[in-house]
Amino acid sequence: MSIAPVVPLYAEADAAGEFISDRMISPAGYIGTTPTALIGRADDLARLASVLACPEARLVTVTGPCGVGKSRLVMEYFRQHPPGPAGVVDVLDFGYAADAAVLARVVRQLNEQRSRGVRGVRAVLERIGEGRHTVVLDHCEDVAGELAPLLAEFRRCCPRVRIVTVGTTRLGLYGERVVRLQPLPAAAAADLFVQCARSVLPEFALTAENSGPVLALCRLLGGLPFAIELAAAQTKLAGPELILERLQDGFGDLRRLGHHPYSRHSTITGLVSWVSAQLDAGERTLLTQLAIFEGPFTMRAAAEVVPGFDGGGYLIMERLIDKSVLVPDQRRDGELSLIIPNVLRLDAASTFTVQPYYPALRHAHGDYFRRVAAAGACAATGREPDIRADLVAAFGYWQEAGDAAAMAVIASALRLIPRDGEPAARAGPQVPAGVTDVLTKRELEVALLVADGLTNRAIAHKLGLAEWTVVNHLRKVMRKLGCQSRVQVTRRLAAS
Ligand SMILES: Nc1ncnc2c1ncn2[C@@H]1O[C@H](COP(=O)(O)OP(=O)(O)OP(=O)(O)O)[C@@H](O)[C@H]1O
Ligand SMILES: [Mg+2]
C-alpha cells in the first residue's frame, strides 16, 4: 500500500488541473491510526467483513446518518484487513472539496472519459490503479448521481476492481450491497462518552451520580458518535449534569463550539446545515413536519398526522430514508418504524411552530396519540418507552385545549410506561391515580417532566413557559404531594 498524506481533492485539482493521480489517493492518511478505540461496532464490522468477503460483492455502500461513524468503520475495516502484497486499497475522499463547482468539474472530467467508451473508462481506472483491488470513495453523496453511471461502467469493464462507496446516500445501482449503520445503542454511546471525556480529563469515570446524566445526554444526542464526541469534549469545563442542562437548552454551546479533527464537521450547526443543503424543498418541509414526532414513528402514523401526506408523502419519505435523514429502526419486529436523528429533529422542530400548518399538525399528533392511548397500544408492546415523549406532548396539547377526557386517557396510559435506558431503580415516572386527582393539568405536566430528569429551564423551554412559572408550579406540586425535593416528586410519581 502506498504511503501518502491526505491531499484534499480540490487542492490537487486546482494545482495540476488533473484529478486522478497517485497523490490524490491517500490510504495512509485515511486508514491511519486514530487516538481512540472504535466502540460498539463489532457486529457492524463483522457484517461489513462478510459482505466484502463475497467475490460477487463488487460495489458495496456503507451508509447511515451524518456523523454516525461510517468513515470510521471503513477505516477500521481496512486497518484490520490490510490488502495482501498484490492488493491495494485506494481512497478518494470527496469530503474536503469545499468548492462544489470544483467537485462538479472533477466528476464531469470522469464522465467525459466515460463518454469515450470503455477505453476511456479504462484510462481513468488505470490512473486510479489498474488491477488494484479496492477503491474507496468516501463522502461521495454530493456526486452520487454522477458517479452512479460511471461506477456501473467500471464494474462492467474492470472486473478486478471492487468499489466501496461511503456516504449518507446509497447509489441505488443493481447489485449494490448496502451496509447501513444505526446510531450507537445506549451502553455503547455512554462508553464512547467516557472514552472521549477521558481524553480531555484523564480521571473521568462513570459514577452512581453521573451515569444518569451521561445516559440521558447520549439519548438526547440520539447515540450519534459525532455529537457525543463534541459533548464529551466539554467535560474539561463542566460535569455531565451541567452539559446535559446546556444540551436541553437547544444544544447550547454545542451548536457553535467544537473542534473535531477526525470528522469533516466541527459543530452541530455545521452538520445540520450540511444535511439541510442535501434536501430539496419538499423533503425539507416533510422533515420539519415529521419533527412533531418526538420518538420513532411508522409510515401509518406519518400519514395520519402530517396534513396532505397522501399527495406524495410516501415517495418523499422514501427519499429521506435513502438520504439517511430518516433512520429505519430495525430493532423490533413488525411494522417498520423510523427515527429522525435528534440533532436534526430538534433543529427542524425549532422552526415548525411558526408554520401555517402547525395548529393542524399539532392537533393531528395529539389526536393520534390519544387514540393510541385509548386503544391500550402502549402496554406490553415493547415500544412503551419510545412513545412516552409523544404521549407527554399529546397530553400537553389536550391540556391546552382543556379536554379533560383526553388527558385522563393519556395519563392512564403513561402510568403503564417505564422510562427507557434508566437503571431499574429509577424507572418511572408512573402516574398514580391519587396524583392526577390533586394536581392541576399543568402541575401534572411539570411533575412528569421533573420526573423525566428535565431542569426547570428545560421544562420552561419545552412548555413555552417562563422559568419562574415552572418554579411556581413545582412549588405547588411539592406542597400538594408533601415532597421536599425533585427526587421525592420523582419517587412519588413512581409509587403507584
Ligand atoms: N464507534 C465509534 N467509536 C469511536 N469513535 C467513533 C465511532 N463512530 C464514530 N466515531 C467518531 O465520531 C466522529 C464521526 O465519525 P465519522 O466521521 O466516521 O462519521 P461519518 O458517518 O463518516 O460522518 P459524515 O456523514 O460526516 O461523513 C469521528 O471523530 C469518529 O472517529
Ligand atoms: Mg464520513
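A count restricted to the range 179-212 and to residues that are within 16 Å of ligand 2 (Cβ to nearest atom) and surrounded by fewer than 21 Cβ atoms within 10 Å (Cβ to Cβ) stands at 2. Listed by first and then second residue, the pairs with beta-carbon distance under 8 Å, at least 6 apart or on different chains, first residue in the range 192-203 and assigned by TED's automatic domain parsing to the domain that holds Leu230 and part of a helix (DSSP H, G or I), second of a type in the set (S, T, N, Q) and within 16 Å of ligand 2 (Cβ to nearest atom), are Gln195/Thr36; Cys196/Thr36; Ser199/Thr36.
Set side by side, the residues Arg331, Arg300 differ, and just one is over 16 Å from the mean Cα position of the chain (by Cα) and at pLDDT below 90, which is Arg300. Out of all the residues in the range 76-93, is one or more at pLDDT below 55 and either buried (at least 16 other Cβ atoms within 10 Å of the Cβ) or within 28 Å of Val275 (Cα to Cα) (or both)? There is no residue in the range 76-93 that is at pLDDT below 55 and either buried (at least 16 other Cβ atoms within 10 Å of the Cβ) or within 28 Å of Val275 (Cα to Cα) (or both). Asp437 satisfies every condition listed in (1) of a type in the set (D, E, K, R); (2) within 23 Å of the chain's Cα centre (by Cα); (3) at pLDDT below 80 except (2).
Each row is one residue, and each column tells you yes or no for (1) touching a residue at least 24 places away in the same chain (Cβ under 8 Å); (2) farther than 24 Å from Val178 by Cβ.
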residue: Pro307; (1), (2): yes, yes
residue: Gly312; (1), (2): yes, yes
residue: Met317; (1), (2): yes, no
residue: Ile321; (1), (2): no, no
residue: Leu336; (1), (2): yes, no
residue: Ile340; (1), (2): yes, no
residue: Arg345; (1), (2): yes, no
residue: Ala348; (1), (2): yes, yes
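Residues in the range 323-342 include at least one that is assigned to a helix (DSSP H, G or I) and surrounded by 20 or more Cβ atoms within 10 Å (Cβ to Cβ).
In the range 149-178, what count of residues is obtained for those that are among the aliphatic types (A, V, I, L, M) and at pLDDT 80 or above? Here the count works out to 6. Residues Leu230, Leu184, Leu206: which one is in contact with a Gly (Cβ under 6 Å, 6 or more places away or on another chain) and assigned to a loop (DSSP other than H, G, I, E, B)? After ruling out the rest, the residue left standing is Leu184. For the list (1) within 13 Å of ligand 1 (Cβ to nearest atom); (2) modelled with pLDDT of 80 or more, I need the number of the one condition that Asp142 fails. Status for Asp142: all satisfied but (2).
The values are calculated or read from the model by the stated rules, or taken from the named source; none is laboratory data. Note that the structure is predicted; figures quoted are calculated from it, not measured. We place every Cβ from the backbone using ideal geometry, glycine too, and count neighbours over all the protein chains shown.
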